[in-house]
Structure formats: structure tokens, C-alpha cells
Amino acid sequence: MAHPHVFIDTGLEFIVDETGALTHVRVTWAYDEFYSLLVLEDLKLDQDADGVLSKDEEKFLAGFDAQWVEGYNGDLVVRSAGQPVLLSGPQQATATTEDGRIVTTHLRTVESGRIPANSLSAKAFDETYYTAYEVTRPVVISGPVSCAIERIEPDIDGQLAQMQAFLKTLDADYDLEENEIPLIGENFATEIFVSCPDT
């Protein structure tokens, strides 16, 4: 029951058009060293173990994390004025390595119609907290209009204390596999706010 199992440093690029509307979100995932090692070994890549992939290996690796099951939200929730923004599945997948860590990107298209980027929020999280996302890589806005970004960091220690307190209330015979486990991933997510002028 120990979570998380995978750690991902995350970056986000919000792409807006000349009208101040969000058109795409580009996501960067940098996997932890251990998970990267497992993937590279499983796919028989980087056989010389120098942490650097050839162009052919990068091409082979690209998209390994972009084969999503139906209904998977890509562990990213974007909202406009509090309402969910419908995003496409991953496109234009890339992959490389940095210091032995796999770093991938994918592009997602806004499918909800015109979404003004004057009141956007975004959170990268796995609700089960199997994977921990930290927004440690750049968060940028690309486009012809000037926009502002604000970050709200989660209270990790406070959330862990609450979870520990909850677990202490459970009976020793409580079967976590058969009963619902609280979905706490969002509680550990950094929230990004984007504000662009709506022209």
C-alpha cells in the first residue's frame, strides 16, 4: 500500500492564439531514475549504459507512455472558469534521456471549442497517488498575447498528516484491497492558474 511508486517531474506549455484562447497544452514528463532504468532495460535500450540514446532509440522510445486506455485523462485536469476542458489524447510524442532519466513530451489539443485563457487552472495528478507528479520543470505560455501564471503549492506535510490520521482510525482487520481507498492524489497537486487577455 506504499504510494507513490513512480515519480515524475512535470512541465506544462499552454499554447494560445491571437484571440487569447487556449488551443493546445504540451506536457513534459521526466521520470525518476529507477523507473527510467526499468523501462530502458525492458525495451533493451541504452545497452552501453551511458544514459544517452541514439536517434533511432529515441524514435523507438517515443510514445511508449502515450498508449492510453479509453477514458484516461492523462493525469491532467484543465478547467476554464471552473469547468473541465476536454483535451485530446497525446499527439506528437517525443522521448529522450537526461542524466539517465527518460524525458517525454506530448501535445494535447483543446476539443471543447473556443476556451478563453483568461481564467484557466491546471493540475497534474494521479488520483490514486500511485504516480506522484511534481511541477518542477518550466510552466510557460506560448502565443502572441501576454499572459500571467500563478502557482499554488500543496501542503504536502498537512495532507500526509491527514491521511495518517485517517489510517489510524481503521480497524486492524480492515481490508484496503476490498474497500474503497480515498483518492487523495489531487490533494498533493500543484495548481497552475493562467490568465490571458481575451481579445
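Tabulated results
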quantity: Residue-level accessible surface for LEU22, protein heavy atoms, 1.4 Å, Å²; calculated: 10
quantity: Accessible area (Å², 1.4 Å probe, nearest 10) - VAL103; calculated: 10
quantity: Solvent-accessible surface (1.4 angstrom probe) belonging to PHE60, in square angstrom, nearest 10; calculated: 130
quantity: Most to least accessible of GLU191, GLU18 (protein chains only, probe 1.4 Å); calculated: GLU18, GLU191
quantity: Förster radius 45 Å - calculated FRET efficiency between ARG79 and GLU41 (Cβ-Cβ, nearest 0.05); calculated: 0.70
quantity: Stretch gain in nm, segment SER112-THR136, where the contour uses 0.36 nm per residue and the Cα spacing is subtracted; calculated: 5.9 nm
quantity: At R0 = 30 Å, FRET efficiency that the Cβ-Cβ distance of THR128 and GLU18 yields, to 0.05; calculated: 0.15
quantity: Ranked order, ARG108, ARG26 - accessible area, probe 1.4 Å, largest first; calculated: ARG26, ARG108
quantity: Residue among VAL78, GLY63, VAL52 farthest towards the positive dipole end of the range 44-93, charges placed on Cβ; calculated: VAL78
quantity: Span per principal axis, largest first, for the Cα atoms of the range 1-64 (Å); calculated: 49, 38, 17
quantity: Where labels lie 7 Å past Cα in the beta-carbon direction, separation of SER88 and PHE34 in nm; calculated: 3.7
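The values are calculated or read from the model by the stated rules, or taken from the named source; none is laboratory data. Fair warning: this is a prediction, and the values are worked out from it, not measured in the lab. Every residue, glycine among them, receives a Cβ derived from its backbone with ideal geometry; neighbour counts consider all protein chains shown. Ligands, DNA and RNA are excluded from the accessible area calculation, which covers all protein heavy atoms including side chains. Shrake-Rupley method; radii C 1.70, N 1.55, O 1.52, S 1.80 Å.
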